[in-house]
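The values are calculated or read from the model by the stated rules, or taken from the named source; none is laboratory data. Being a predicted model, the structure only gives us computed values, none of them experimental. Cβ: placed from backbone, ideal geometry, glycine included. Neighbour counts: every protein chain shown. Protein only, heavy atoms only, side chains kept; ligands, DNA and RNA dropped before computing areas. Shrake-Rupley method; radii C 1.70, N 1.55, O 1.52, S 1.80 Å.
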Amino acid sequence: MVVVGGGAAGLSLTRRLAGANTVRAALVEPPPGPLRAPVRTWCFWEPDGGPWDAVLAARWDRLEVVGPDGRGRAAPAAPLVYKMLRSTDFEAHVRAGLGGRVAEVEAAVTGIEDGPDRAVVRAVDAAGAPVELAARWVFDSRPLPALPPARTTLLQHFRGWFVRTPDAAFDPDAAVLMDFRPPQPRNGTAFGYVLPLSERTALVEYTEFTREVLDDAGYDAALRDYTGRVLGLGPFEVTAVEQGAIPMTDGRFRTRAGRRVFRIGTAGGATRPSTGYTFSGVQRQAAAVAAALAAGRTPVPPVPHRRRHLLMDAVLLRALDTGRVDGAEFFARLFRRNALADVLRFLDGGSGFGRDLRMGATVPVAPMALTTAEYAGRLLTGR
Ligand SMILES: Cc1cc2nc3c(=O)[nH]c(=O)nc-3n(C[C@H](O)[C@H](O)[C@H](O)COP(=O)(O)OP(=O)(O)OC[C@H]3O[C@@H](n4cnc5c(N)ncnc54)[C@H](O)[C@@H]3O)c2cc1C
């Protein structure tokens, strides 16, 4: 078995393969350079006592959502906890647990050749020497060269500052999950958030769900506005910067790339289209692959989201993109009118049909119904 890419998906799957003693596996990650994914933090929610609890950078039991009118709603997330993991800590933890059961190969993959019995992964190591690995199954987490065709594609794009203040300015027990006070784009939505790491340090981020990324000056201006005018934060120094763009699309991801080759992670549809959250989908996908292997089935990774959630997300993306729904008001109402843990479960795909329906009734119904009708019409006519 070969796992291509040692990011969230590759490492999560490799850890599971290493746990199944019978499997021989290799993990291929490029040498340091432009192909490597930059260091990042992953946030996700789950109950206490999860598999990564020992290496979390931070955890919050209380979360606040602030509406565009400045009205905040803070609530305990119980029984869930909002958790932050640094990619460097995650990688060190997973690699330390491999115990020599997985071959760690440092090489940039240049191609994967599918075959009836095996696939061959071709790569080049740091010295420029070719590397060839043949395997029964290959799981490829490299970013896709292009997104699948879609009716609507937005980006969740963001820049965050890790800030340090001279005096206490944050409550380390409570995080601001979404704050809709920044000026709103016409089509899409914008919000800030604050993840305190101590009384004097926090990750403060500015995010948009829109079609186009901003330039450097745009992100910095938005962050200056958010930290200054909105949060009223006094002096601070920026100790590190995090930036990214995550596709939010109703395009259909295919995880089967050949007889013996599969896609996992963002490339395998693990990103929840309406939120950009991916980490927990990646965990479900890795668990399903490991279970299929243990049962002797062909380990086709599932897209780790329910069909009805993907449909609901497609409607929301369309409603945001057309400007029919005010995104800030939509999310603020969703959090205001429902229990926090219920919304979090819904956003992670863990809610039942009845709960989904009840929650649907708490958001602006008319524009969503109109968009659903329009979307259904487009599905039927194949447009
Ligand atoms: C800055 C940032 C913050 C994010 N924060 C969150 C968050 O808080 N919560 C959340 O749920 N999601 C978050 N996401 C979304 C998502 O969880 C991450 O993008 C996640 O890293 C996706 O996992 P992945 O394994 O699919 O891709 P990656 O983690 O990007 O892994 C892809 C791997 O492929 C390797 N690779 C690339 N080219 C080659 C090659 N030629 N040969 C071999 N290997 C190659 C890369 O080195 C990398 O290790 C964030 C994304 C970004 C960009």
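Side notes on the structure shown:
- Backbone amide hydrogens, once placed in the peptide plane, bring Val81 within less than 5 Å of Glu46, Asp48, excluding anything fewer than 5 places away on its chain.
- Computed over region 307-381, relative contact order equals 43 percent, with contacts defined as Cα pairs under 8 Å that lie 6+ residues apart.
- In degrees, nearest ten, helix 216-225 long axis to first principal axis of the chain (Cα): 40 degrees
- Note on Leu357 and Val230: the extension gain reaches 42.3 nm, defined as 0.36 nm multiplied by sequence separation minus the Cα-Cα distance.
- Legend: P(r) of the chain from all alpha carbon pair distances, 10 Å bins from 0, whole percents, reading 5, 22, 31, 25, 14, 3, 0.
- Accessible surface area normalised per residue over the chain is 45 Å², counting heavy atoms of protein chains with a 1.4 Å rolling probe.
- Within the assembled protein chains, the solvent-accessible surface assigned to Tyr82 is about 10 Å², based on a 1.4 Å probe.
- Rounded to the nearest 20 debye, dipole of the chain from Cβ charges on Lys, Arg, Asp, Glu: 1560 debye
- The listed peptides 336-345, 212-221, 270-279, 140-149, ordered by packing as a protection proxy, come out as 270-279, 336-345, 140-149, 212-221 (highest mean of other Cβ atoms within 10 Å first).
- Computed from backbone phi with θ = phi - 60° and the Karplus coefficients 6.51, -1.76 and 1.60, the 3J(HN,Hα) list for region 46-63 is 6, x, 4, x, x, x, 10, 4, 5, 10, 5, 7, 6, 8, 10, 9, 10, 10 Hz; x is used for glycine and proline.
- Spacing of the modelled spin labels on Arg36 and Glu104, each 7 Å from Cα toward Cβ, amounts to 1.2 nm.
- Across Ala58, Ala108, Ala126, mean-square fluctuation computed from a Gaussian network of the chain (C-alpha pairs under 10 Å connected) peaks at Ala126.
- Cα coordinate range in region 263-357, projected on the principal axes (Å, largest first): 47, 28, 20
- Simple spin-label estimate for Arg136 and Asp216 in nanometres, 7 Å along Cα-Cβ: 5.0 nm
- All C-alpha to C-alpha distances of region 52-92, sorted into 5 Å bins beginning at zero, yield P(r) values of 6, 21, 20, 16, 15, 12, 7, 3, 1 percent in whole numbers.
- Candidates Leu370, Leu63, Leu357, ranked by Gaussian network fluctuation over the chain, Cα under 10 Å, top entry: Leu357
- Helix 8-19 axis versus longest C-alpha principal axis of the chain: approximately 50°, rounded to the nearest ten.
- Percent carbon-and-sulfur accessible area, the chain, ignoring ligands, DNA and RNA, probe 1.4 Å: 53 percent
- Cα gyration tensor shape of region 37-188, rounded if a/c is under 1.5, else prolate or oblate by comparing a/b with b/c: prolate
- Kirkwood-type hydrodynamic radius, region 326-383: 12.5 Å, calculated from all non-identical alpha-carbon pairs.
- Once the Cα atoms are used to define both axes, helix 327-336 deviates from the longest principal axis of the chain by about 90 degrees.
- Over all orientations, region 131-255 has a Cα convex hull whose mean projected area works out to 11.4 square nanometres.
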